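For reference, the structure discussed in these notes is given below.
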Amino acid sequence: MTEILKLDPLHPDPAIIHKAAQIIHTGGLVAFPTETVYGLGANALDSHAVQRIFLAKGRPANDPLIVHIQNKDWLESIVRNFPPQTEALVNHFWPGPLTLIFPRKEIIPPNVTAGGENVAVRAPSHPVAQALLAACGVPIAAPSANRFGHTSPTQAKHVLEDLGGRIDLVLDGGDCSIGLESTVLDLTQNPPVILRPGGIPREEIERIIGKVLLATKSPEMEEVLPSPGLLQRHYSPNSTLILVENTSGNRASAIKVMLDFVLKAQKEVQKPIGILTVNEETHHYESFHQLEVISLGSVNNLQEIGRNLFAGLRTLEQAGVEVILTTDFGEEGLGLAIRDRLRRAASQIIRI
């Protein structure tokens, strides 16, 4: 059985944190909240514990893990050298949703890095994650706490839905504040390359260190991946997600075009159709029957949309919808990360 313990996200109970740390030290698995999504943690220096992560998630061995540390002072023990941009980045963005890729030291087991020579590292800002790292005193390897390829968990109940009975403990610290995974920046390349857009927008990084590139090609499934979250199909709900990328800027009209097509293609509507939209556009769907409409927030608040994205997908999935329709939200700021997640989650991408 998987135990779940609720705790104050701002002032976590030391006794609960101590119990979680003991599980980590004895090779167990603990799911815990970060500011991005819930992570599934194991002692990053224990290859057997790390292997349990892969087994619990059904994660392929070529998909590396992120190593979580409490602060930049831990870096020297796990990475071989520091590219020149390191100090500026960690001073500005850590703790926070920025993962940096460095050459690894041998203390990091090969299965953490999928056999590669580089390791992905970040310092999470969530008080529960910080308290757990401090109590453990060791780096924690932690991918998202979900079944591999499924929608990422932003609430403790999402973890239990996917991993109940497969892991030892879930620390319930409430909803994640960002709701999108960290930005992954490869510092072993010059200029640095964003391998995965995430909680820190590209524009903010470039204000600190200058020009960075954006990786444009998804690796093949059988390749050794340089970072987690890079497979072309990922973050997917069980429902069929159709992403309508609309060049005209009228999101509601684009979705309604696709909605009409889906409705006509169904001789008989057996299950409702899901719509992921924004507050300002929910009224466009009031005349339709057999719809489940979820608003992600205001169209002018990408932080709110990003925070609610994965939870919205899971809500529609659990409502039994067969098809989910949504649009992207541009590529400025967090829009780039939201688009990335939707593209990887989508069964189909339609451009109208």
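The values are calculated or read from the model by the stated rules, or taken from the named source; none is laboratory data. Remember, predicted model here, so these are calculated numbers, not experimental data. Virtual Cβ from ideal backbone geometry, glycine too; neighbours counted across all protein chains shown.
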Name the residues in the stretch 127-138 that are in a loop (DSSP other than H, G, I, E, B) and either buried (at least 24 other Cβ atoms within 10 Å of the Cβ) or among the aliphatic types (A, V, I, L, M) (or both), would you?
-> V138
Does the stretch 113-125 include one or more residues that are outside any helix (DSSP H, G or I) and within 16 Å of V30 (Cβ to Cβ)?
-> yes
Residue under evaluation M1, criteria (1) surrounded by fewer than 22 Cβ atoms within 10 Å (Cβ to Cβ); (2) modelled with pLDDT of 95 or more, criterion not met = (2)
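Is it the case, given these coordinates, that I24 is of a type outside the set (F, W, Y), touching a residue at least 60 places away in the same chain (Cβ under 8 Å), over 22 Å from G198 (Cβ atoms) and crowded, with 22+ Cβ neighbours inside 10 Å?
yes
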Quick check: anything in the stretch 107-122 over 16 Å from L45 (Cα atoms), crowded, with 24+ Cβ neighbours inside 10 Å and either modelled with pLDDT of 95 or more or not β-branched (V, I, T) (or both)?
-> no
Scan the stretch 27-38 and give yes if some residue there is surrounded by fewer than 20 Cβ atoms within 10 Å (Cβ to Cβ), modelled with pLDDT of 95 or more and over 30 Å from N190 (Cβ atoms), otherwise no.
-> yes
Of the candidates A156, A141, the one satisfying the condition of being of a type outside the set (D, E, K, R) and surrounded by 24 or more Cβ atoms within 10 Å (Cβ to Cβ) is A141
Considering the stretch 286-303 alone, what residues qualify as being more than 15 Å from T326 (Cβ to Cβ) and acidic (D, E)?
-> E286
Sort out which residues of the stretch 308-328 are within 16 Å of Y235 (Cβ to Cβ) and either crowded, with 22+ Cβ neighbours inside 10 Å or of a type in the set (S, T, Y) (or both), and write them in order of number.
-> L309, F310, G312, L313, R314, T315, L316, I324, T326
